[in-house]
Amino acid sequence: MIKIYTVKEVSRLLGLTEHTVRYYTDKGLVPSVQRDKNNNRLFDEESVNWLIGVKHLKQSGMAVEDIKSYVDLCLAGPSTIKERYSIIMKQKNIAQEQLKEAKQRAEFMEGKANHYLDIMNGTAPDDMNPKDWKTNDTDTGDKNKLVFF
């Protein structure tokens, strides 16, 4: 039996807001979406797969208009494989850069957390409160430069 999802169900399944699911379907990013007699959107597995792809492309920074172009290329068939590959490679590179930046943020926050542990254990001074930061004009003469861990 074919499973059919409502907007609410597919939004929960994919971690998208109901508004986002409706927006994506209104923009033509889910070509297989169906409608019931009351014009409510209905999603089958194919529709869910389109939404998964759209979600990942959007999260990698791709604009909705560009996603629509990609969807149109997919619908055009095998003659567009090289063009689709190029798009995916570009978005893959963007996603890898995002991952690198996320790792840097996580490492930064790990350092902060460890420093807070040192403060709580009494092995480091509490220099994490911005109200206590002093300006440092010895390096460049810039009195607006904050001393920060």
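What follows is calculated from the coordinates using simple rules that are stated; it is not laboratory data. Predicted, not measured: the structure shown is a model, and the values here were computed from it. FYI the Cβ positions are ideal-geometry reconstructions off the backbone, even for glycines, and counts take in every protein chain you see.
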Next on the checklist: Looking at the chain as a GNM with Cα springs under 10 Å, which of Met109, Met120, Met89 has the largest mean-square fluctuation?
Outcome noted: Met120
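Around Glu45, with a cut-off of 13 angstrom between Cβ atoms, what is the net charge of the other residues, counting Lys and Arg +1 and Asp and Glu -1? Walk me through the numbers before you get to the answer.
Values: positive: Lys3; negative: Glu9, Asp44, Glu46.
Computed value for this residue: -2.
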Item to check | Computed over segment 7-94, the ratio Rg/Rh where both radii use C-alpha atoms and Rh is Kirkwood | outcome: 0.98
Checklist entry - Based on Cβ point charges of +1 for Lys and Arg and -1 for Asp and Glu, what charge dipole magnitude is obtained for the chain about its Cα centre, in debye rounded to the nearest 20? => result 600 debye
Checklist entry - Which far-off residues, 5 or more places away or on another chain, put their amide H under 5 Å from the one on Tyr5, with H placed in the peptide plane? => result Phe43, Asp44
Checklist outcome for this item: When the charge dipole of the chain is computed with +1 at the Cβ of Lys and Arg and -1 at the Cβ of Asp and Glu, the Cα pointing farthest to the positive end, of Asn121, Ser47, Met89, is that of Ser47
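Roughly speaking, what is the stretch gain from Trp133 to His115, that is 0.36 nm per residue apart minus the C-alpha to C-alpha distance, in nm to one decimal? Mind dumping the intermediate values first?
Numbers: separation 18, 0.36 × 18 = 6.48 nm, distance 1.58 nm.
So the chain would gain 4.9 nm between Trp133 and His115.
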Item to check | Computed helical MRE - 222 nm, the chain, DSSP H runs ≥ 4 contributing -39500 (n - 2.57), nearest 500 | outcome: -19000 deg cm²/dmol
Checklist entry - Assuming R0 = 30 Å, what is the FRET efficiency of Leu75 and Asp36, from their Cβ-Cβ distance, to the nearest 0.05? => result 0.80
Next on the checklist: Helix 64-76 against the longest principal axis of the chain: what's the angle in degrees, Cα atoms only, rounded to the nearest 10?
Outcome noted: 40 degrees
